[in-house]
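**Student:** Dumping the structure here so I can ask a few things about it.
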Amino acid sequence: GADLFVSLHLNGSSSSSANGTETFYLISGQTTTSRAAAMLENADFQSDPDLDRVTKSALEFILSDAYQTLVLEESARLANYVHAELLGELGLKDRGVKQDNFAVLRGTHMPAILVESYFMTSKREADLYTNSEGYRRVAEAVYRGIAAYIKDFEKRMD
């Protein structure tokens, strides 16, 4: 029943020189149109005795898929708002807004992002996180990003 999903993480790398902030949302597969076309093309309607069931199933799939596409678009918007606030607050290297297939993002039915705020394998960033109230700064930046996203969402819904 949540409206948004935000997963907060601290990054790590085998290289102690890795640094910066990055924000992820779920990677998308094919477009809605191409997935729907493939489903319809793969159905043998001439020989299918359950044509009504298959047609209803195809319609349900298309509607569900269209909703998931909308969720991905909103996830991208949310990721960009939160990422911009993180960059402004933390002043770290911009590693970008990216798409990936993280398990915590799969199966969500609302805008969902994963934030990698600091690299704990970077001595400088680990010190910033632990000695400069880094966790509080991350929380405040995420809050401001969410607030900006909600304001934008409400404006688009008017």
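**Student:** For the stretch 65-81, what are the residues that are of a type outside the set (S, T, N, Q) and either over 11 Å from the mean Cα position of the chain (by Cα) or farther than 24 Å from residue 151 by Cα (or both)?
**Tutor:** 65, 66, 67, 70, 81
**Student:** Out of (1) exposed (fewer than 13 other Cβ atoms within 10 Å of the Cβ); (2) at pLDDT 95 or above, the odd one out for residue 145 is which?
**Tutor:** Of (1) exposed (fewer than 13 other Cβ atoms within 10 Å of the Cβ); (2) at pLDDT 95 or above, only one is false for residue 145: (1).
**Student:** In the stretch 5-28, what residues are open to solvent by 70 Å² or more (accessible area, probe 1.4 Å) and either among the acidic types (Asp, Glu) or under 10 Å from the mean Cα position of the chain (by Cα) (or both)?
**Tutor:** 27
**Student:** Continuing with this model, one more query. Return the residues of the stretch 125-142 that are in contact (Cβ under 8 Å) with a residue 40 or more places away in the chain and of a type in the set (Ser, Thr, Tyr); say none if nothing qualifies.
**Tutor:** Within the stretch 125-142, 129 is the sole residue that qualifies.
**Student:** I need the full set of residues from the stretch 81-115 which are assigned to a loop (DSSP other than H, G, I, E, B) and not β-branched (Val, Ile, Thr), in order please.
**Tutor:** Within the stretch 81-115, 91, 92, 93, 101, 102, 103, 105, 106, 107, 109, 110, 111 qualify.
**Student:** Moving on to the next point. Which number in (1) touching a helix residue (DSSP H, G or I) at 6+ places or on another chain (Cβ under 7 Å); (2) surrounded by fewer than 19 Cβ atoms within 10 Å (Cβ to Cβ); (3) closer than 19 Å to residue 25 by Cα marks the one condition that residue 104 misses?
**Tutor:** So residue 104 meets the others, but not (1).
**Student:** Residue 56 versus (1) at pLDDT 90 or above; (2) open to solvent by 70 Å² or more (accessible area, probe 1.4 Å); (3) farther than 14 Å from residue 25 by Cβ: which is the lone unmet condition?
**Tutor:** It fails just one condition, (1).
**Student:** Next question. Out of the residues in the stretch 65-100 meeting the condition of being β-branched (Val, Ile, Thr) and in contact with a strand residue (DSSP E or B) (Cβ under 7 Å, 6 or more places away or on another chain), tell me which one is farthest from residue 27 (Cα to Cα).
**Tutor:** Among them, the one singled out is 82.
**Student:** Here's a follow-up. Answer with yes or no whether residue 96 is open to solvent by less than 60 Å² (accessible area, probe 1.4 Å), at positive phi and within 20 Å of the chain's Cα centre (by Cα).
**Tutor:** Yes, satisfied.
**Student:** How many residues, within the stretch 116-140, are surrounded by fewer than 15 Cβ atoms within 10 Å (Cβ to Cβ) and in a helix (DSSP H, G or I)?
**Tutor:** 9
**Student:** In the stretch 66-75, which residue that is of a type in the set (A, V, I, L, M) and closer than 16 Å to residue 154 by Cα is modelled with the lowest pLDDT?
**Tutor:** 70
The values are calculated or read from the model by the stated rules, or taken from the named source; none is laboratory data. As the structure is a prediction and not an experimental result, all values here were calculated from the model. Please note: Cβ atoms are built from the backbone with ideal geometry, for glycine as well, and neighbour counts cover all protein chains shown. Just so you know, the surface numbers come from the protein's heavy atoms only, side chains and all, with ligands and any DNA or RNA stripped out. Shrake-Rupley method; radii C 1.70, N 1.55, O 1.52, S 1.80 Å.
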